[in-house]
Amino acid sequence: MILAVAIDTPLRRTFDYRSERLDLAPGQRVWVPFGRRRVVGVVVAQRDRTDVPAGKLRSIFEAVDTEPTFDAGLLQLLLWSADYYRHPVGEVIAAALPSPLRAGTSLREETIVWSLTELGRTEALTALKARAVRLRAIVEALARTGEMTASELASETESTADALRKLEARGYIVQSQRVSAAATATTAPRVGPPLNEAQQEAVQRISGTLGSFASHLLNGVTGSGKTEVYLRTIAAVIERGDQALVLVPEIALTPQLIARFRARFDSPLAVLHSNLSDGERLAAWRSAGEGRASIVIGTRSAVFSPLARPGLVVVDEEHDASFKQQEGFRYSARDLAIVRAQRLGIPIVLGSATPSLESLHRAQRQPQWVSRLPQRAAANAKPPRMALIDLRAHGQTQGIATPAVLAIQRHLEADGQVMLFLNRRGYAPVLFCPACGWSAHCKRCDAHLTVHGGSHHLICHHCGSQQPVPELCANCGQPTKPVGQGTERIEEAVRQLFPDAPLARIDRDAIRRRGELEATLARVDSKEVRILVGTQMLTKGHDFPNVTLVVVLNADQGLFSADFRAGERLAQTIVQVAGRAGRAEKPGEVLIQTEYPEHPLLKLLLAGGYEAFAAGALQEREQSEWPPFARIALLRAEAATALAPMKFLRAALAIAHDYPMRGVQLLGPAPAPMERRAGRYRAQVLLHAGTHSPLQKFMSAWLPALESLPEARRVRWSIDVDALDLA
Ligand code: ADP
Ligand code: ZN
Ligand code: ZN
């Protein structure tokens, strides 16, 4: 028998091997010879013929497991993804595998589990000191779930082998062989708050479609109780004996969110995110694939998680850009989640307070699957009041206009918390010489270097290169000065203005490790912190019930961008930041600083909220034929010289007419908006079509031909289907 095997290489094809065994099914991993190496591949098809000459056809060594790693449905989804995103199939399949499985670890998992002894059940929690947090967490997890393997415990409770030995020595826990791999979801979920009418309707509408495909949009303002809707619907899924897959943005997968799921359900969770160790990831993956976990919750790549009994997919904050992989295999986890749900015949819920225009457009065609939560759920929580501050009309202190300073003072005096949002980290975006006009640029990128005050460094936010801040201008020897504001400088200014108000800064520089964010957020929750300064990091996944004032310091980045999505992103950011405020009883106030208070986007957003903005933006997209009213793909090329990418793209365009390009327009080549980045010159061609199928037809014929262009050898090129970022 001939097996077509996918191997982790950049080549856009599979490889044929001979197999003596006839029982190797698609989805199974096999050890094969590849060049001089022995590698793991995945069987994608059985064939009875091959084009490889008999003398060159090699045989597989052996199967890695006795059963397929991917079931037929998941394998088909991966093959479909490789085709849709025009990405090498071996790399697509590798992206879906935890790395131990890529390296040949057996699929079957460890079967030694830990459980509580009688003594452990009755005495451990009273006998263990309150300080023994880790030991107590282990006992609690075992009490909840019955039994767990060491790696499951490690991923759930950060337990260590040492901690387990201690508990064993005290007679609280024992090891045994796992009895069955069956689902352990037995107990009913604990009850949540009584649902309001809108939530009830949403739960009914979604639950009514369990067992068949439906793509629901859950369009609910911030704080409207979307998570509560997910929890109730998931309860119905678990009751049917099925699993729910929940995708969340990278930064939103916090212990608080996990805790919320744990507080509701006893059934085990499989948590998948990028900070897991190999062992943890594999344990969660197996738990999902074997059906032990009733809920699989994870970031982008969890869309490829195996599921034994899929029943529902949820994509929370579906508008979030982190669902799009921007490098290598450039896929949209949100879009693939929809495809997966459709292929599985199960419903999917896309939830957001600021849905993407793509999802709103789909919803217009399927009004029966739209649920709205127009009001905040918590008692007495009101929508925030929004107002603009005209930066041209008021004095400023380091970028904070006088009316904003006064508002901060007012809210602090009224015992409120204040949040200042600026999507720019560092001290100042530019180091400038007033004497001669020189400014500090990155040597490797077409970009200014950002001044980082704390470290007295100039850092390039695009390539990461660093250098000390020069004392004097490199050009004329006069003193230089930082111009503009970043979060560090805002922190400095606010500390001077309000020296008595404890302040915390939340951005990638201030928060380097996961635990740090948790610790800072806890200080905000306890009201110890009165003023919060931060970037985008503030907008996701965390509510600040005591924040009564939000100041958006600069709404203007994005108002005049060439990127057709910039307006959508700006509106989402403003609404999401605004939505962090006043979630509890106290009414919230939102002030947006701008030099363009007459800008239609801001006017529409203030007058009619996100829905009004989105309606206008959709009309514009339709008129200008941008997605979702058209399909695009971006062919990018980069090289160490400016000439090579342009030459390659021109050669690519020159042969385009040999391929079926009816209905497809090619725009370019043009240098990328930031042409030089990390020392490499970048250029691109935009592919545009009214619908996907002509685009797909053209790309499938044209792209393989690019591989053999002589100009291709001097560049690195890639294709980004449904590109989000045109830079
Ligand atoms: P979202 O996911 O839409 O931001 P959440 O589900 O986090 O909203 O709910 C916001 C707040 O309202 C939470 O504190 C939640 O516990 C509370 N909440 C949700 N639903 C209800 C309800 N039906 N009654 C009372 N409080 C609720
Ligand atoms: Zn100078
Ligand atoms: Zn740089």
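The values are calculated or read from the model by the stated rules, or taken from the named source; none is laboratory data. Since the structure is predicted, the reported quantities are computational estimates derived from the model, not experimental observations. Cβ placement follows ideal geometry from the backbone for every residue including glycine, while neighbour counts extend to all protein chains displayed.
Filtered by the rule that a residue be free of Cβ contacts under 8 Å to residues at least 60 places away in the same chain and not charged (D, E, K, R), the range 610-640 gives A612, F613, A615, G616, Q619, Q623, A640. Among residues of the range 109-160 being touching a residue at least 60 places away in the same chain (Cβ under 8 Å) and exposed (fewer than 15 other Cβ atoms within 10 Å of the Cβ), the one that is farthest from G289 (Cα to Cα) is I112. Looking only at the range 375-406, residues that are under 22 Å from K603 (Cβ atoms) and not in a strand (DSSP E or B) come to 8 in all. Those strands (runs of 3 or more DSSP E) of the range 176-295 in which 3 or more residues are modelled with pLDDT under 85 are absent. Output the residues belonging to the range 262-281 that are crowded, with 18+ Cβ neighbours inside 10 Å and polar (S, T, N, Q). S267, the sole residue that qualifies. Of everything in the range 204-222 that is crowded, with 21+ Cβ neighbours inside 10 Å and farther than 12 Å from I348 by Cα, the residue that is farthest from ligand 1 (Cβ to nearest atom) is N219. Could you go through the range 467-475 and let me know if any residue there is within 16 Å of ligand 2 (Cβ to nearest atom), exposed (fewer than 15 other Cβ atoms within 10 Å of the Cβ) and either of a type in the set (V, I, T) or outside any loop (DSSP other than H, G, I, E, B) (or both). Within the range 467-475, one or more residues are within 16 Å of ligand 2 (Cβ to nearest atom), exposed (fewer than 15 other Cβ atoms within 10 Å of the Cβ) and either of a type in the set (V, I, T) or outside any loop (DSSP other than H, G, I, E, B) (or both).
Exactly one residue out of A683, A656 is crowded, with 16+ Cβ neighbours inside 10 Å and under 24 Å from V89 (Cα atoms), and it is A656. Set side by side, the residues T539, T548 differ, and just one is more than 24 Å from A727 (Cα to Cα) and of a type in the set (S, T, Y), which is T548.
Residues considered: G416, G399, G426. Of these, the only one that is surrounded by 17 or more Cβ atoms within 10 Å (Cβ to Cβ) and either among the charged types (D, E, K, R) or touching an Asp or Glu at 6+ places or on another chain (Cβ under 7 Å) (or both) is G426.
Here is a yes/no grid of residues against (1) modelled with pLDDT of 90 or more; (2) crowded, with 19+ Cβ neighbours inside 10 Å; (3) not aromatic (F, W, Y):
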position	(1), (2), (3)
A6	yes, yes, yes
R12	no, no, yes
A25	yes, no, yes
V44	yes, yes, yes
R49	no, no, yes
A72	yes, no, yes
Q76	yes, no, yes
S81	yes, yes, yes
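One residue alone among R662, R713 is out of contact with any His (no Cβ under 9 Å at 6 or more places or on another chain), more than 16 Å from ligand 1 (Cβ to nearest atom) and either outside any loop (DSSP other than H, G, I, E, B) or modelled with pLDDT of 95 or more (or both), and that residue is R713. Among the candidates A259, A284, the residue that is buried (at least 22 other Cβ atoms within 10 Å of the Cβ) and among the aliphatic types (A, V, I, L, M) is uniquely A284. Taking the criterion of being without any contact (Cβ under 8 Å) to a residue 60 or more places away in the chain and charged (D, E, K, R), the residues of the range 592-609 that qualify are E598, K603.
The set of residues in the range 434-455 that are more than 11 Å from ligand 2 (Cβ to nearest atom) and crowded, with 16+ Cβ neighbours inside 10 Å comprises C442, R444, C445, D446, A447, H448, L449, T450, V451, H452, G453. Listed by first and then second residue, the pairs linking a residue in the range 488-509 that is under 18 Å from R410 (Cβ atoms) to a residue that is part of a helix (DSSP H, G or I) and of a type in the set (S, T, N, Q), with Cβ atoms under 6 Å apart and 6 or more places separating them unless they lie on different chains, form an empty list. Can you run down the residue pairs with Cβ atoms below 6 Å, 6 or more apart or on separate chains, where the first is in the range 672-700 and more than 19 Å from M646 (Cα to Cα) and the partner is within 16 Å of ligand 1 (Cβ to nearest atom)? Final answer for the pair search is none.
The sole residue among A727, A654, A683, A644 that is modelled with pLDDT of 95 or more and either in a loop (DSSP other than H, G, I, E, B) or out of contact with any strand residue (DSSP E or B) (no Cβ under 9 Å at 6 or more places or on another chain) (or both) is A654. All of G395, G426, G437 fail the test of being of a type in the set (G, A, S) and in contact (Cβ under 8 Å) with a residue 24 or more places away in the chain, apart from G426. Is it the case that the range 476-483 has a residue that's away from ligand 2 (no atom under 14 Å from the Cβ), more than 21 Å from Q557 (Cβ to Cβ) and in a strand (DSSP E or B)? The answer is no; no qualifying residue exists.
Of the numbered criteria (1) under 27 Å from the mean Cα position of the chain (by Cα); (2) within 16 Å of ligand 1 (Cβ to nearest atom), the one N380 fails is (1). Looking at the range 578-594, can you tell me whether even one residue there is away from ligand 1 (no atom under 16 Å from the Cβ), under 30 Å from S693 (Cβ atoms) and either within 27 Å of the chain's Cα centre (by Cα) or not in a helix (DSSP H, G or I) (or both)? No, there is no match, as no residue in the range 578-594 is away from ligand 1 (no atom under 16 Å from the Cβ), under 30 Å from S693 (Cβ atoms) and either within 27 Å of the chain's Cα centre (by Cα) or not in a helix (DSSP H, G or I) (or both).
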